[in-house]
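Working notes for the structure below.
The values are calculated or read from the model by the stated rules, or taken from the named source; none is laboratory data. In this text the structure is predicted, and so the values were computed from the model without any measurement. A quick note on method: Cβ atoms are made from the backbone with ideal geometry, for glycine too, and the neighbour counts reach across all protein chains shown.
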Amino acid sequence: MSVKQYTGKTRRSLALFSYDWDAIEFGKLDRQWPHLHAGFDLFSFPSSARLAWFDMDRFCTLAALKARVYGARGVVSNHEQFGALCAALLAERMRWPGTPVEAVLACQHKLYAREVLQRVAPEANVPFSRLEAEYGSDIPEGLTYPAYVKPVKAAFSVLARRVTGHQELVAHTRFGPWELWVIRHLVEPFEKILRRRLPAAGSAHSLMLEAPQRGRQYCLDGYFFDGNYRRLGVVDAIMYPGTDAFMRFDYPSHLPAAVQEQAERIAIRFMKAIGFNHGLFNMEFMHDERTGQIKVIELNPRLASQFSDLYARVDGLNPHAMALALSHGIDPATIATQAPTANCASSFAYRSFDRAAAVPNPAASGLRAFWKTFPDAVLFQYPKLPGQIQRDFKWLGSHRYGIVHLGGNDPGDLRQRCELASSLLGWPAPYVDDIASLPGLSDVSDAWLLDTTAERAPG
């Protein structure tokens with residue numbers, strides 16, 4: 001078998017905390033890349049109850065036993081909260097290929113990542129500071145607003161939000177006893193490893209503040225193999241106007257090639273500075289067309305799983321197969337590609353900004369028509385109880401009730417396909433241009449609108 005045709009049939013892996021996107025994509029690859037799952041779902045009870053006693057060292061010890069019994073020789077995870085760090089720890093313990101533990105910590109400790117970026121690429125950094133207040137405690141006076149507040153360690157954009165004044169920040173950081181318990185238990189497993197392996201970063205049990213930035217948002221995906229960088233692509237992140245909520249992700253990007261290369265140079269400098277020499281990564285950044293400046297939002301030490309299907313449709317790449325290859329020390333460039341099925345593709349996020357609105361569940365007839373018309377689509381539905389919806393608004397500022405993936409011949413064709421698919425599901429198509437059309441957002445200030453105008457989709 002030639003190298004280019006290698007499919008990994010004899011390679012067994014552990015896949016940690018693989019749900020939703022990862023469960024689907026790794027499941028498709030199980031015949032070529034057999035794997036055993038380990039971990040639990042943070043968002044489903046009773047699985048989520050394991051959060052009460054979760055410990056990364058204990059988890060890795062048990063995972064090592066599973067690996068020996070199963071015959072695994074590699075570990076992979078794209079899970080931000082626990083999985084990426086657990087995979088690095090397990091790979092180190094088993095002497096498997098993997099991302100260095102300290103590199104994962106440096107990426108996921110958002111304040112420390114800012115400090116590193118200030119040293120190696122200050123032009124791409126933003127003003128930042130630790131919020132000198134415990135979770136749920138009094139907020140200091142004299143802070144500069146507007147500001148973007150987010151946890152030093154978090155995932156899924158939880159508790160990340162723009163605030164325009166002191167009272168808004170106070171309201172955002174007031175948590176009940178149950179919420180405070182959840183926050184602590186989400187952070188403490190990371191904190192325990194951090195104290196031992198990267199103490200210079202300081203505690204992750206806090207929030208931080210960043211200066212809001214103007215521009216359009218993008219995501220760079222790439223990987224390092226044998227210390228060398230290679231690109232996957234750049235994805236356009238389109239926001240609902242006047243919000244911090246993603247409306248859709250478009251691929252390929254409309255960002256000029258020169259700007260994409262500039263973003264790559266910044267990412268490479270940062271990754272080399274923290275010792276990231278192996279594995280997939282994702283960089284979120286903003287580009288201001290007026291000034292030409294790039295500002296880094298975050299650097300994530302794992303694949304952006306939601307984009308994997310977009311790369312498959314447009315480029316014929318399989319980033320999940322690449323992740324498995326990396327876990328076994330195999331060059332992802334040697335993994336066979338498939339014929340592309342579209343010239344462009346998007347991940348459409350359906351959200352509600354109205355706290356009182358019911359979850360829009362598609363009718364059975366609409367679902368049948370959807371699948372008949374779009375058999376190659378990806379569809380996720382997120383039905384939730386009223387209490388769960390209110391928690392979404394507290395932690396995320398909106399309620400996401402669905403995701404659809406589609407491909408098209410060109411952006412115009414893709415929009416038409418999305419509008420048809422949305423009508424069949426009974427959902428408003430995520431091509432909103434006017435904030436007035438978003439229920440629940442009529443009270444957003446003019447200042448906010450002016451500062452986020454540039455975040456609209458290209459074209």
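For this structure, a couple of remarks:
- Scan of the stretch 349-369 for residues that are within 27 Å of the chain's Cα centre (by Cα), at pLDDT 90 or above and in a loop (DSSP other than H, G, I, E, B), ordered by number: Pro362
- Screening Tyr218, Tyr240 for residues that are modelled with pLDDT of 95 or more and among the hydroxyl-bearing types (Ser, Thr, Tyr) leaves exactly one candidate, Tyr218.
- In the set (1) out of contact with any Phe, Trp or Tyr (no Cβ under 9 Å at 6 or more places or on another chain); (2) in contact (Cβ under 8 Å) with a residue 40 or more places away in the chain; (3) surrounded by fewer than 20 Cβ atoms within 10 Å (Cβ to Cβ), Gly142 fails one condition alone, (2).
- Pick from the stretch 395-410, criterion farther than 14 Å from Ser347 by Cβ and surrounded by 15 or more Cβ atoms within 10 Å (Cβ to Cβ), ranking: nearest to the chain's Cα centre (by Cα): Leu396
- Residues that are polar (S, T, N, Q), surrounded by 15 or more Cβ atoms within 10 Å (Cβ to Cβ) and within 18 Å of Pro127 (Cβ to Cβ), drawn from the stretch 265-297: Gln293
- Taking the criterion of being under 27 Å from Phe270 (Cβ atoms) and among the small types (Gly, Ala, Ser), the residues of the stretch 228-249 that qualify are Gly233, Ala237, Ala245.
- When Val187, Val152 are screened for being out of contact with any Ser or Thr (no Cβ under 6 Å at 6 or more places or on another chain), among the aliphatic types (A, V, I, L, M), free of Cβ contacts under 8 Å to residues at least 60 places away in the same chain and crowded, with 20+ Cβ neighbours inside 10 Å, only Val187 passes.
- For the stretch 382-413, the candidate set comprises residues that are in a helix (DSSP H, G or I) and small (Gly, Ala, Ser); within that set, the residue that is farthest from Ser352 (Cα to Cα) is Gly412.
- When we screen Ala88, Ala84, Ala64 for residues that are farther than 25 Å from Ala201 by Cα and either part of a helix (DSSP H, G or I) or not charged (D, E, K, R) (or both), the only hit is Ala64.
- Top-ranked residue of the stretch 9-40 - restricted to ones that are among the hydroxyl-bearing types (Ser, Thr, Tyr) and not in a strand (DSSP E or B), ranked as modelled with the highest pLDDT: Ser18
- Selection of the stretch 372-393 for residues being surrounded by 13 or more Cβ atoms within 10 Å (Cβ to Cβ) and over 20 Å from the mean Cα position of the chain (by Cα) yields Phe374, Ala377, Lys384, Gln388, Ile389, Gln390.
- Among the residues of the stretch 49-68, some residue qualifies, meaning at least one is modelled with pLDDT under 90, within 30 Å of Arg400 (Cα to Cα), outside the structural domain of Arg195 (by TED's automatic domain parsing) and loosely packed, with under 15 Cβ neighbours inside 10 Å.
- Residue in the stretch 372-379 that is in a helix (DSSP H, G or I) and either aromatic (Phe, Trp, Tyr) or at pLDDT 95 or above (or both) present: yes
- None of Leu180, Leu194, Leu232 is touching a Gly at 6+ places or on another chain (Cβ under 6 Å), at pLDDT 95 or above and at negative phi except Leu232.
- Restricted to the stretch 243-256, and to residues there that are in a loop (DSSP other than H, G, I, E, B) and at pLDDT below 95, the residue that is surrounded by the most Cβ atoms within 10 Å (Cβ to Cβ) is Thr243.
- Subset of the stretch 41-58 [out of contact with any helix residue (DSSP H, G or I) (no Cβ under 6 Å at 6 or more places or on another chain), among the hydrophobic types (A, V, I, L, M, F, W, C) and not in a loop (DSSP other than H, G, I, E, B)]: Ala49, Ala52
- Some residue of the stretch 125-139 being exposed (fewer than 13 other Cβ atoms within 10 Å of the Cβ), touching a helix residue (DSSP H, G or I) at 6+ places or on another chain (Cβ under 9 Å), at pLDDT below 90 and more than 30 Å from His278 (Cβ to Cβ): yes
- Selected residue (only one of Val296, Val235, Val259, Val314 is assigned to a helix (DSSP H, G or I) and either closer than 23 Å to Lys28 by Cβ or within 16 Å of the chain's Cα centre (by Cα) (or both)): Val314
- Every residue from the stretch 180-231 that is out of contact with any helix residue (DSSP H, G or I) (no Cβ under 6 Å at 6 or more places or on another chain), under 19 Å from Arg130 (Cβ atoms), part of a loop (DSSP other than H, G, I, E, B) and small (Gly, Ala, Ser): Gly202, Ser203, Ser206, Ala211
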